[in-house]
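As structure tokens, the structure follows; a few thoughts come after it.
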Amino acid sequence: MEINNRVYQNIPTNIITGFLGVGKTSAILHLLAHKPADQRWAVLVNEFGEIGIDGALMKDTGAFIKEVPGGCMCCSSNLPTQMALNLLIKQAAPDRILIEPTGLGHPERVIAMLREPHYRSVLDLRATVCLVDPRKLSDSRYRENPAFTDQIALSDVLVANRCDLCSGDEIEAFYRFASASQPPKARVALVVHGAIDVVWLDATTSETRRAVHPEAHSHPHDPHGEDHSHGDDRVRVADARWDRVENSGDGFFSCGWRFDAGMLFGTQALEQLFSREPVLRIKGVFHTERGWQQFNAVDGMCTARPCMAAGASIIEAIDRSRNWEPLERGLLDSLVP
Ligand SMILES: Nc1nc2c(ncn2[C@@H]2O[C@H](COP(=O)(O)OP(=O)(O)O)[C@@H](O)[C@H]2O)c(=O)[nH]1
Ligand SMILES: [Mg+2]
């Protein structure tokens, strides 16, 4: 690829997959902190929701980050993803690219897109790393979810994350599951907080270079069906200091809110709200009475920590149903009077 007379070739590229909240962003942050100091790495993040949060959380890493919000990057048009990727390559001239697709995404189509002719000589697709929470392996709602199973099947490196929360039996079950996975993995490992080793990014199996079936890219049985909207549901609120936007697909729904930075939230009220609301995944960056704080909730376990200032308070929630009223009411009730 030639941009502004500069030729970009064979940039090592990795896809970091895994279900909602498993620790993909944590793994990318860990990798950025442990990459060779003389290398420039870039990150492409695709989020299911319309309001990108991960980009804001990675802002202070010094890496070049581009976000593609609103649905999975393989669906509808590839254009936004390709534009973001081209821009990332041009602006960062990176030594490596890490791609975080949405936890509800379809990795085979992302791989197929990266193998299209115009990227063939530009990107050198290395190991695809999949993170799994071993506790989910016993839950049929995950085990039978196509996004979950595809991510595992297509990975070269299979990593159990969140192991601090797992029992010995759950770890053993993960090992049994991993050793039975076909094709065999180049590497199987246990970590906490996404502490994956930089060298695993270049682990290869004989399958790594496998061709992706062309049908994978032509959506033979579009799992998003008719209801995969992309930002059609934007709601402008009379107040005009905040708005909300919804998305849906694959039986999941997301809702994102954006609040004017002048609106101040109570940290404790938000923590209580996110621990209480039975929503599958919540993440956000808020202007609070304690400065800017990031909130992360998975299965009702919420953590808050300081982060860099953002232009607005932003939050994204993902669930299997779209009853957003209690969360919205809770957010407005968490405003500092
Ligand atoms: N207890 C525990 N929490 C983790 C671990 N890895 C990540 N987390 C937390 O889980 C939440 C979701 O992690 P994130 O990396 O954003 O997941 P993603 O949605 O897959 O990108 C964050 O609050 C992380 O701090 C882990 O190994 N153990
Ligand atoms: Mg993430």
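The values are calculated or read from the model by the stated rules, or taken from the named source; none is laboratory data. Every value quoted in this text rests on a predicted model; they were computed, and no experiment measured them. Please note: Cβ atoms are built from the backbone with ideal geometry, for glycine as well, and neighbour counts cover all protein chains shown. Accessible surface is based on the protein model in full, side chains and every heavy atom, while ligands, DNA and RNA are left aside. Shrake-Rupley method; radii C 1.70, N 1.55, O 1.52, S 1.80 Å.
Among the criteria (1) open to solvent by 60 Å² or more (accessible area, probe 1.4 Å); (2) under 19 Å from Arg244 (Cα atoms), the one Pro306 does not fulfil is (2). Yes or no: segment 281-299 includes at least one residue that is at positive phi and either in contact (Cβ under 8 Å) with a residue 60 or more places away in the chain or within 16 Å of ligand 1 (Cβ to nearest atom) (or both). Among the residues of segment 281-299, at least one is at positive phi and either in contact (Cβ under 8 Å) with a residue 60 or more places away in the chain or within 16 Å of ligand 1 (Cβ to nearest atom) (or both), which makes the answer yes. Of all residues assigned to segment 163-173, none qualifies as being under 28 Å from Ile97 (Cβ atoms), out of contact with any helix residue (DSSP H, G or I) (no Cβ under 9 Å at 6 or more places or on another chain) and surrounded by fewer than 18 Cβ atoms within 10 Å (Cβ to Cβ). Among the residues of segment 8-15, are any in a strand (DSSP E or B) and within 19 Å of Ala309 (Cβ to Cβ)? Checking segment 8-15: not a single residue is in a strand (DSSP E or B) and within 19 Å of Ala309 (Cβ to Cβ).
For segment 36-59, the condition holds for no residue, the condition being that it is out of contact with any strand residue (DSSP E or B) (no Cβ under 9 Å at 6 or more places or on another chain) and either closer than 20 Å to Cys307 by Cβ or buried (at least 19 other Cβ atoms within 10 Å of the Cβ) (or both). Within the set Ala147, Ala127, Ala112, the sole residue that is of a type in the set (Gly, Ala, Ser), within 16 Å of ligand 2 (Cβ to nearest atom) and open to solvent by less than 30 Å² (accessible area, probe 1.4 Å) turns out to be Ala147.
Of the listed requirements (1) at pLDDT below 90; (2) buried (at least 24 other Cβ atoms within 10 Å of the Cβ), Gly23 misses just one: (1).
Selection of segment 174-200 for residues being open to solvent by 30 Å² or more (accessible area, probe 1.4 Å) and on the phi > 0 side of the Ramachandran plot yields only His193.
Taking the criterion of being away from ligand 1 (no atom under 15 Å from the Cβ), outside any loop (DSSP other than H, G, I, E, B) and either more than 19 Å from Glu144 (Cα to Cα) or at pLDDT 95 or above (or both), the residues of segment 179-193 that qualify are Arg187, Val188. Pairs meeting the criteria (first residue in segment 18-47 and in contact (Cβ under 8 Å) with a residue 60 or more places away in the chain and under 20 Å from Leu85 (Cα atoms), second residue in a helix (DSSP H, G or I) and within 13 Å of ligand 2 (Cβ to nearest atom), beta carbons under 6 Å, at least 6 apart or on different chains) are Thr25/Asp54.
Scanning segment 140-178 for residues that are more than 19 Å from Thr17 (Cα to Cα) and either outside any helix (DSSP H, G or I) or small (Gly, Ala, Ser) (or both) returns Ser140, Cys166, Ser167, Gly168, Ala173.
Residue by residue, here is whether (1) out of contact with any helix residue (DSSP H, G or I) (no Cβ under 9 Å at 6 or more places or on another chain); (2) open to solvent by 10 Å² or more (accessible area, probe 1.4 Å); (3) modelled with pLDDT under 90 holds:
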site: Asn86; (1), (2), (3): yes, yes, no
site: Ile89; (1), (2), (3): yes, no, no
site: Ala93; (1), (2), (3): yes, yes, no
site: Leu104; (1), (2), (3): no, no, yes
site: Pro107; (1), (2), (3): no, no, yes
site: Glu116; (1), (2), (3): no, yes, yes
site: Val122; (1), (2), (3): no, no, no
